[in-house]
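The values are calculated or read from the model by the stated rules, or taken from the named source; none is laboratory data. The structure displayed is predicted, hence computed values, not measured ones. With ideal geometry, Cβ positions are generated from the backbone for all residues, glycine too; neighbour counts draw on all protein chains shown. Please note that ligands, DNA and RNA were not included when accessible areas were found on the heavy atoms of the full protein model with its side chains. Shrake-Rupley method; radii C 1.70, N 1.55, O 1.52, S 1.80 Å.
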Amino acid sequence: MSPTPEYQPGIPNKIVATVKEMRDALITRKLGEDCSPSDNRRVLDGYCHENAYHIAKILLERGYEPYVVWGAVSATQGHSLKIDTIDQLEQTDRIHFWVEIHPRSVDEADHPIDEITSPVIIDLCSETIGHVNCPYVSLQRPARYQRMGVDPSYIRFERSFEPEDLISKESYQRLRERSPELFSTCPWDNDEPTACTDVDEQRHKRNSLDTQ
């Protein structure tokens with residue numbers, strides 16, 4: 001079965017529409033106006049820092065409070081990469097960036113009937129089971145996505161950022177020296193997003209809406 005997008009039910013339509021819009025725009029930017037975004041899902045693979053930058057930028061413009069997450073993706077669930085610091089993260093060949101939206105800004109921007117109390121996890125080009133190279137929008141962080149254990153992984157996105165600010169240990173250190181107040185080990189009072197299990201990920205795979 002081919003990988004499918006994951007849009008968890010209950011996520012505000014405005015967020016899902018923004019993800020689809022930005023993903024198609026980035027694919028078109030890379031391949032040209034004559035491309036068919038739905039047929040070129042792999043084109044964003046390998047550009048996780050740019051994907052995170054661009055979706056965070058448009059989410060900020062639309063009234064949300066996005067955080068870019070510096071992390072990595074393990075090969076299998078339950079396998080820890082033991083990444084505590086930015087030095088260790090830089091040494092792994094599995095570095096990955098994704099975006100999480102502060103739940104308070106979801107309530108302010110969307111006024112949903114059902115209050116969202118967990119961060120919305122967004123990845124334009126997922127590396128999780130069932131959704132590889134597809135968009136992933138959920139309240140559950142994929143089980144294989146790991147953050148640093150000591151150095152803060154979250155940085156609150158600001159309009160002054162450029163894609164190059166989110167790419168290397170050097171850029172991380174420059175940002176941390178320039179704006180330490182933007183960094184956090186967990187911006188939502190240590191209320192961690194629920195991590196998917198293999199069962200959850202297989203369920204996502206079966207229930208995902210193939211709307212590319």
Open item on the list: If I ask for residues that are closer than 25 Å to Glu61 by Cβ and at pLDDT below 85, which ones from region 91-113 would you list?
Closed with: Asp107, Glu108, Ala109, Asp110, His111, Pro112, Ile113
Open item on the list: Being part of a strand (DSSP E or B) and among the aliphatic types (A, V, I, L, M) is the filter here; which residues of region 126-165 pass it?
Closed with: Val137, Ile155
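Table: residues versus (1) more than 26 Å from Pro9 (Cβ to Cβ); (2) under 15 Å from the mean Cα position of the chain (by Cα); (3) acidic (Asp, Glu).
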position	(1), (2), (3)
Asp123	no, yes, yes
Val132	no, yes, no
Tyr136	no, yes, no
Pro142	no, yes, no
Asp151	yes, no, yes
Glu158	yes, no, yes
Glu164	yes, no, yes
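Condition check ((1) basic (Lys, Arg); (2) modelled with pLDDT under 90; (3) open to solvent by 50 Å² or more (accessible area, probe 1.4 Å); (4) over 18 Å from Asn51 (Cβ atoms)) across all residues:
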site	(1), (2), (3), (4)
Gln77	no, yes, yes, yes
Asp87	no, no, yes, yes
Val120	no, no, no, no
Pro135	no, no, no, no
Glu177	no, no, yes, yes
Task: region 118-141 residues that are within 17 Å of Val106 (Cα to Cα), paired with ones that are among the basic types (Lys, Arg) (beta carbon under 8 Å, 6 or more apart) - done: Ile121/Arg141
Open item on the list: Take the residues in region 15-38 that are modelled with pLDDT under 80 and under 14 Å from Pro5 (Cβ atoms); name whichever of them is surrounded by the fewest Cβ atoms within 10 Å (Cβ to Cβ).
Closed with: Ser38
TODO: Residue by residue through region 81-124, note down the ones that are assigned to a loop (DSSP other than H, G, I, E, B) and under 19 Å from Ser168 (Cα atoms).
DONE: Leu81, Lys82, Ile83, Asp84, Thr85, Thr92, Asp93, Arg94
